[in-house]
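Notes to accompany the following structure.
The values are calculated or read from the model by the stated rules, or taken from the named source; none is laboratory data. Since the model is a prediction, treat every value here as computed from it, not as a measurement. We place every Cβ from the backbone using ideal geometry, glycine too, and count neighbours over all the protein chains shown. Ligands, DNA and RNA are excluded from the accessible area calculation, which covers all protein heavy atoms including side chains. Shrake-Rupley method; radii C 1.70, N 1.55, O 1.52, S 1.80 Å.
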Amino acid sequence: MTVLEHPASGARCGVPDGWGTTTDEGTGAALALEPEHDGFRASLVLTVEDTGASFREWQVGADALLPSVLHDYLLLDLERPHVAGRPGGRRLAHHVTEDGADVTLEQWMVLVDGKGFTLTATVDTLRYDALADELAACAATLVVP
């Protein structure tokens, strides 16, 4: 497995071999993209933000924001598993990209010392079942400082 590391925080996780990794200079997010192929390329994005809130407040805010920024957003599942060895959350949702692709979004999130860590996987909905276990395995490797 290749390592995806958030440079500012040191948070990291594994990504499938062959996926490219980079950092978004504007947001500081760590990004991993599956190799090029026809259609939508699956991705993993690791973000860190100062929340100034409790885990519940942070996630209630995310639940309110996502439908307004993602077209045809539909929450499918929300649960509170441990993430990176701490109490956290997992969200599964569907939305449509600006290019019209139907995608499934899966997020794992955890709050540590006021910092919210989110690992977001996005994959073409028709390919989600084929990649779900591999993406969950990547999330299981998440390490936060």
Notebook entry, point to check: Any chance the stretch 71-88 includes a residue that's open to solvent by less than 60 Å² (accessible area, probe 1.4 Å), of a type in the set (Phe, Trp, Tyr), farther than 20 Å from THR141 by Cα and under 16 Å from the mean Cα position of the chain (by Cα)?
Noted result: yes
Next item on the list: Evaluate the stretch 16-23: report whether one residue or more is closer than 19 Å to TRP108 by Cβ, surrounded by 19 or more Cβ atoms within 10 Å (Cβ to Cβ) and in contact (Cβ under 8 Å) with a residue 60 or more places away in the chain.
Entry: no
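Matching residues to (1) aliphatic (A, V, I, L, M); (2) modelled with pLDDT of 95 or more; (3) more than 16 Å from LEU131 (Cβ to Cβ):
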| position | (1), (2), (3) |
| --- | --- |
| LEU4 | yes, yes, no |
| ALA11 | yes, yes, yes |
| ARG41 | no, yes, no |
| VAL48 | yes, yes, yes |
| VAL60 | yes, yes, yes |
| VAL110 | yes, yes, yes |
Check: Which of the residues belonging to the stretch 83-102 are assigned to a strand (DSSP E or B) and either without any contact (Cβ under 8 Å) to a residue 24 or more places away in the chain or charged (D, E, K, R) (or both)?
Finding: ARG86, ARG90, ARG91, LEU92, ASP102
